[in-house]
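This report refers to the structure that appears directly beneath it.
The values are calculated or read from the model by the stated rules, or taken from the named source; none is laboratory data. Owing to the predicted nature of the structure, the values given are computational and were not obtained by experimental measurement. Note: ideal-geometry Cβ built from the backbone for every residue, glycine included; neighbour counts use all protein chains shown. For the accessible areas, the whole protein counts, side chains as well, though only heavy atoms, and no ligand, DNA or RNA atoms are used. Shrake-Rupley method; radii C 1.70, N 1.55, O 1.52, S 1.80 Å.
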Amino acid sequence: RKEVEQDPGPFNVPEGATVAFNCTYSNSASQSFFWYRQDCRKEPKLLMSVYSSGNEDGRFTAQLNRASQYISLLIRDSKLSDSATYLCVVNIGYSGGGADGLTFGKGTHLIIQP
Amino acid sequence: GAVVSQHPSRVICKSGTSVKIECRSLDFQATTMFWYRQFPKQSLMLMATSNEGSKATYEQGVEKDKFLINHASLTLSTLTVTSAHPEDSSFYICSARDGETRTDTQYFGPGTRLTVL
């Protein structure tokens, strides 16, 4: 079973629509969760961290369900510039050192159409 | 936000040569840096974790003698791909964690696209 699973898409969504995608993770010890955005042939950029209480940043809302081990991202009023690959990222925890890099999903490809 | 640079951004080399990639944290001290590799249409895969002043920790399946990592200072880590082969062609990305903030947020460099002929 893959550690972090996402629907690769592509999700083709008209501009202005709301789109949501989920991600599941297998390690119940995971402590930190993030959504990153990656544009074609570029490095990932942090979009937002995901907290148990859920958090919102403008048009973006992230939710975490620890019991079911899934994370969601909701994008409202989608813009053409939102077209990108969205990576679900999990970390088993920051221990102050050691091999604890992030585990990335393969990403969900989102295409916003005019 | 914190800035991480990588150099070179793109390199093309002949099979059998060695390639060095530098990763620098520009405005913070990075006690830990990470090296990832991404093949086309695949997710980023962690190769190794390097802590300043100590040996890197490699992920399973990554040859430490082929991918040499040096983290000699709090702002610089290097990855050397030794005796590169075409199958090493990939997008190599480093990330760095700010040692002062005690969070696990990682800041990524812009990546290095390696093509081995």
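Computed values, structure above
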read-out	value
Single residue of the stretch A:45-56 satisfying the filter (at pLDDT 90 or above and open to solvent by less than 100 Å² (accessible area, probe 1.4 Å)) that is farthest from A:TYR86 (Cα to Cα)	A:ASN55
Residue tally, condition within 21 Å of B:LEU26 (Cα to Cα) and not hydroxyl-bearing (Ser, Thr, Tyr), over the stretch B:57-81	7
Test set (1) on the phi > 0 side of the Ramachandran plot; (2) in contact with an Asp or Glu (Cβ under 7 Å, 6 or more places away or on another chain) - A:PRO114 fails condition number	(1)
Failed item, numbered, when A:ALA20 is tested on (1) of a type outside the set (Ser, Thr, Tyr); (2) within 14 Å of chain B (Cβ to nearest Cβ); (3) open to solvent by 40 Å² or more (accessible area, probe 1.4 Å); (4) under 11 Å from the mean Cα position of the chain (by Cα)	(2)
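Results for (1) more than 10 Å from the chain's Cα centre (by Cα); (2) at pLDDT below 95; (3) open to solvent by less than 50 Å² (accessible area, probe 1.4 Å); (4) within 12 Å of another protein chain (Cβ to nearest Cβ), shown as yes or no for each residue.
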site: A:ASP39; (1), (2), (3), (4): yes, yes, no, yes
site: A:PHE60; (1), (2), (3), (4): yes, no, yes, no
site: A:ASP82; (1), (2), (3), (4): yes, no, yes, no
site: A:GLY93; (1), (2), (3), (4): yes, yes, yes, yes
site: A:GLY98; (1), (2), (3), (4): yes, yes, yes, yes
site: A:GLY101; (1), (2), (3), (4): yes, yes, yes, yes
site: A:GLY107; (1), (2), (3), (4): no, yes, yes, yes
site: A:ILE111; (1), (2), (3), (4): yes, no, no, no
